[in-house]
Amino acid sequence: MRAASPADLDTVYQFETLCFQEHRFREEHVDWILRNPRALTLLEDGPDGVTAAMMLLFEGRMCRVLSIAVAPDVRRRGTGTQLMQAAESACRERGISSIRLEVSTKNLGAIEFYRRLGYRMDGVLYGYYSWGEDAYSMRKALPAPKGLRRRRWPALRHNA
């Protein structure tokens, strides 16, 4: 797994297009995320290109999962769980105490996936998505282990 940089824009956007046939981020939004010093995009590379991606935004003592995507041909093999564990690890290393995400109320598979990982619903966001769909807000507390040394992930800070 590696941290993406602005140089990965085309790759990340193509992967976003592959994984989300509808309602994907616009290319300008992906570019903003890749250039944002408070964001981290993690990529899992396979022999034929990117197989998974996750976009995180650090907001004070909280991290927000903006997007998680796994290539269709490698789903249900634990890659999503590995991405979520990597996100939680990155948060702990930064002293982040909580991680949250939003998920469509219609995406029952994703809701159950997050529940199995210990995420709990903390609200309904009516009309959350630009197309009018509702979302659940889900959150997980991340207690920091004692004596943990903070690590700086590569490519977290970018010069525009």
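The values are calculated or read from the model by the stated rules, or taken from the named source; none is laboratory data. Everything numeric here is computed off the predicted structure, so don't read it as measured data. A quick note on method: Cβ atoms are made from the backbone with ideal geometry, for glycine too, and the neighbour counts reach across all protein chains shown. The area values use the complete protein model at the heavy-atom level, side chains included, leaving out ligands, DNA and RNA. Shrake-Rupley method; radii C 1.70, N 1.55, O 1.52, S 1.80 Å.
Annotations for the structure displayed:
- Tensor-based shape of segment 2-89 (alpha-carbon gyration tensor, a/c under 1.5 rounded, otherwise prolate or oblate): oblate
- Shape of segment 1-152, Cα gyration tensor, a/c cut at 1.5: rounded
- Sum of -39500 (n - 2.57) over DSSP H runs of 4+, divided by residues of the chain (222 nm, nearest 500): -8500 deg cm²/dmol
- Taking a Cβ cut-off of under 13 Å around Gly78, the surrounding Lys, Arg, Asp and Glu residues balance to a net charge of +3, with basic ones at +1 and acidic ones at -1.
- Charge tally for Ala69 (other residues, Cβ to Cβ under 12 Å; Lys, Arg +1; Asp, Glu -1): 0.
- Solvent-accessible area of Glu44 with every protein chain in place, 1.4 Å probe, in Å² to the nearest 10: 50 Å²
- Added length on full extension, which subtracts the Cα-Cα distance from 0.36 nm per residue, Glu93 to Ser5: 29.7 nm
- Close amide-amide hydrogen proximity is noted between Leu142 and Ser98, Ile99, each under 5 Å apart and 5 or more residues distant or on a separate chain (H modeled in the peptide plane; Pro and chain starts excluded).
- Choice from Arg139, Arg38, Arg116 with maximal GNM fluctuation in the chain (Cα, 10 Å cutoff): Arg116
- For segment 49-111, a/c is not less than 1.5, where a ≥ b ≥ c are the root eigenvalues of the C-alpha gyration tensor, and a/b does not top b/c. That puts it in the oblate class.
- Inter-label distance for Leu108 and Arg120, nm, one decimal - labels placed 7 Å from Cα along Cα-to-Cβ: 2.4 nm
- Each other residue within a Cβ distance under 11 Å of Tyr128 adds +1 if Lys or Arg and -1 if Asp or Glu, for a net charge of -3.
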